[in-house]
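S.K.: Below is a structure I'd like to ask you about.
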Amino acid sequence: MTQIKSRQRVADHGEVFTGEREVRAMCDLVSDECLRIDSRFLEPACGDGNFLAEILQRKLAVVKEKYRRSPYDWERNSLLALGSLYGVDILADNCAHCRSRLYKIWERAYRSVCRRECSDDTRRAVRFVLERNIVCGNARTLRCVDEAQQDTKVPIVFSEWTFPQNNAFLHRKDYTFAELLDEEAPGAAARNSDGEGTFVQEYVCHYRRLGEAEPAGQET
Ligand SMILES: C[S@@+](CC[C@H](N)C(=O)[O-])C[C@H]1O[C@@H](n2cnc3c(N)ncnc32)[C@H](O)[C@@H]1O
């Protein structure tokens, strides 16, 4: 894997990718968290997702080990594994590459476990989660950016994905990145009981219906 795409991109955006050996060594420092299916990770300048890809593979190995006999449980737990990984990058091509890379890792694992029971609805749900979790934005200003990498007025929003009833109904709760970070933010009083950021919206649907009605992207 090359660590640099062009000198211009290094000069403009500091784009130098981390080598595989370093990625693995750094993930080993938090190896227990990488094995917890719903452990949350944010790569704030994710590039094409070197860290997220390694963590996803580690989590999916656990999902396979625990749930390979049940496509239903494998699907739900793989959604939790993927849904707890977040990335931000200022370059749209990096975000697209990151999403497709994570999708391919998930798809390979899916086919190897669920085989003939694989469903295009679940595939759509996974793509929807990736569209939301890998955000084209500026990690300094916490805003989404346009195709010229300029800030828009739209704040970066992250979705929390859970199965609170342990059934097929997936809950999505949206929080602004700004207030997840800032203890003193005006909305801090509105945080939930876990001390998390300001709540924006909540949605509930069967996990296989995710993305049916609504475009995933953050409006700019
Ligand atoms: C040093 S690379 C690291 C990529 C990846 N995390 C890795 O370790 O391989 C830095 C990345 O940050 C992105 N970037 C630069 N400025 C940014 C900003 N203000 N907000 C979000 N991403 C930014 C670049 O596009 C580039 O992909």
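S.K.: Any chance you could look up the accessible area of CYS136 with a 1.4 Å probe, heavy atoms only, rounded to 10 Å²?
M.R.: Near enough 30 Å² of accessible area.
S.K.: Could I ask something else about it? Provide the gained length on full extension for the span THR162 to ALA213, in nm with one decimal, where the gain is 0.36 nm per separating residue minus the Cα-Cα distance.
M.R.: Difference between extended and current length: 16.4 nm.
S.K.: Assuming a viscosity of 0.692 mPa s and a temperature of 37 °C, what translational diffusion coefficient in µm² per second does Stokes-Einstein assign to region 7-209, Rh being the Kirkwood radius over Cα pairs?
M.R.: Once the numbers are plugged in, D ends up at 186 µm²/s.
S.K.: Using helices alone, what [θ] at 222 nm do you get for the chain, with -39,500 (n - 2.57) per DSSP H run of 4 or more residues, divided over all residues and rounded to the nearest 500?
M.R.: Value at 222 nm, helices only: -13500 deg cm²/dmol.
S.K.: Near LYS59, which lysines are there with a Cα under 18 Å away, not counting those fewer than 8 places off in the same chain?
M.R.: Within the straight-line cut-off, LYS59 pairs with LYS104.
S.K.: Can you give me the long-range amide H partners of VAL157? Hydrogens built in the peptide plane at 1.01 Å from N, cutoff under 5 Å, separation of 5 or more residues or another chain.
M.R.: PHE177
S.K.: Here is a further query. Tell me, what is the 1.4 Å probe accessible area of ASP121, in Å² to the nearest 10?
M.R.: 60 Å²
S.K.: Rounded to the nearest percent, how much of the accessible area of the chain (1.4 Å probe, protein heavy atoms only) is carbon and sulfur?
M.R.: 49 percent
S.K.: Scan the chain and note any complete DSSP helix (H) whose C-alpha atoms cover at least 24 Å along its axis and whose Kyte-Doolittle average is -1.0 or more.
M.R.: The qualifying helices are 50-67, 92-114.
S.K.: Follow-up question, since we're still on this one. About its Cα centre, what dipole magnitude does the chain give when the only charges are +1 on Lys and Arg Cβ and -1 on Asp and Glu Cβ, stated in debye to the nearest 20?
M.R.: 1140 debye
S.K.: If I ignore ligands, DNA and RNA and count only protein heavy atoms, how much of ASP28 is accessible to a 1.4 Å probe, in Å² to the nearest 10?
M.R.: 90 Å²
S.K.: Follow-up. Can you give me the accessible area per residue for the chain, using a 1.4 Å probe, in Å²?
M.R.: Counting only protein heavy atoms, the per-residue value for the chain is 54 Å².
S.K.: Right, another one. Roughly what % antiparallel, to the nearest 5, for the DSSP beta bridges in the chain?
M.R.: Just about 75 percent of them are antiparallel.
S.K.: Using amide H atoms built in the peptide plane, which far-off residues or other-chain residues are under 5 Å from GLY87 H to H?
M.R.: Answer set, sorted by chain and number: GLU43, ILE134, VAL135.
S.K.: Considering the options ILE37, SER119, GLN150, tell which one lies farthest towards the positive end of the dipole of the chain, charges being +1 on Lys and Arg and -1 on Asp and Glu at the Cβ, about the Cα centre.
M.R.: Sorting the options by dipole projection puts first SER119.
The values are calculated or read from the model by the stated rules, or taken from the named source; none is laboratory data. Keep in mind that this is a model prediction, so the values were computed, not measured. All Cβ positions, even for glycine, are placed from backbone atoms using ideal geometry, and neighbour counts span all protein chains on display. Just so you know, the surface numbers come from the protein's heavy atoms only, side chains and all, with ligands and any DNA or RNA stripped out. Shrake-Rupley method; radii C 1.70, N 1.55, O 1.52, S 1.80 Å.
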